[in-house]
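Below: the structure, in structure tokens.
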């Protein structure tokens, strides 16, 4: 059994009266997941030497804030999307980011649009990779790795919602309805429309979202081996993305790109993720 970074803790508490024990314990819990493992509370007790009640309180807090998330199959805990959001610069060179980047850059150059992907962070969508052509001004799309956009009013966020497992989607809808009470009727309509669009054409379109003159098209992608769900999208100025072009060209090209990425990762080429029955 190891204990809470004992030599660092003792020096810090002895020399610095501002040292925060509870924060140190929370960070020690997070560091136990550095290998990417799924861990239960008892395993964390054994690894950190912290009391069981302390571990339980800390993991509950970390799950609530999105730094840890439950594994739907084992019910153990694993790193959450907020940790991914903080570590996206490291994540660039590994896994899905490394594989997807060349395909995204090629499509971005071809279409002269921003191409990106991300995953959920509470009621937002955190970007894990972004590719933009030289002609695309950042001030137009205004996103980068680590940026977070709202789930229910963007094509990439809606793409995530329509493919989320039932339990997760229920949590998302509850959070959205509580956080955005005044806007909830419109957000609910957005989600209902997104389900219908995805079932009909395989991608989701939003017009003039992000509070800017920006149109976008989004598609979800699930990686079963990772028990992970992501969403990809293309976005750009509305004048470059009229609806006919989105339906005829952009949406189908995004679907093809995701199929190529899946193939490069050794996954079946099938792109469509089952759209879950929904009752917002």
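The values are calculated or read from the model by the stated rules, or taken from the named source; none is laboratory data. As the structure is a prediction and not an experimental result, all values here were calculated from the model. As a convention, Cβ positions derive from the backbone with ideal geometry for all residues, glycine included, and neighbour counts pool all protein chains shown.
Output the residue which, of all residues in segment 31-53 that are out of contact with any strand residue (DSSP E or B) (no Cβ under 8 Å at 6 or more places or on another chain), at pLDDT 85 or above and assigned to a loop (DSSP other than H, G, I, E, B), is surrounded by the fewest Cβ atoms within 10 Å (Cβ to Cβ).
Applying the filter and picking the extreme gives 51.
Determine, yes or no, whether residue 187 is surrounded by 15 or more Cβ atoms within 10 Å (Cβ to Cβ), at pLDDT 90 or above and under 22 Å from residue 95 (Cβ atoms).
So residue 187 does not fit the description; no.
Return yes when residue 239 is free of Cβ contacts under 8 Å to residues at least 60 places away in the same chain, under 18 Å from the mean Cα position of the chain (by Cα) and either in a helix (DSSP H, G or I) or surrounded by fewer than 24 Cβ atoms within 10 Å (Cβ to Cβ) (or both) and no when it is not.
no
Restricted to segment 67-90, and to residues that are buried (at least 18 other Cβ atoms within 10 Å of the Cβ) and part of a loop (DSSP other than H, G, I, E, B), which residue is modelled with the highest pLDDT?
It comes out as 67.
Conditions: (1) buried (at least 17 other Cβ atoms within 10 Å of the Cβ); (2) at pLDDT 80 or above; (3) within 19 Å of residue 128 (Cβ to Cβ). Residue 273 meets all but one. Number of the miss?
(2)
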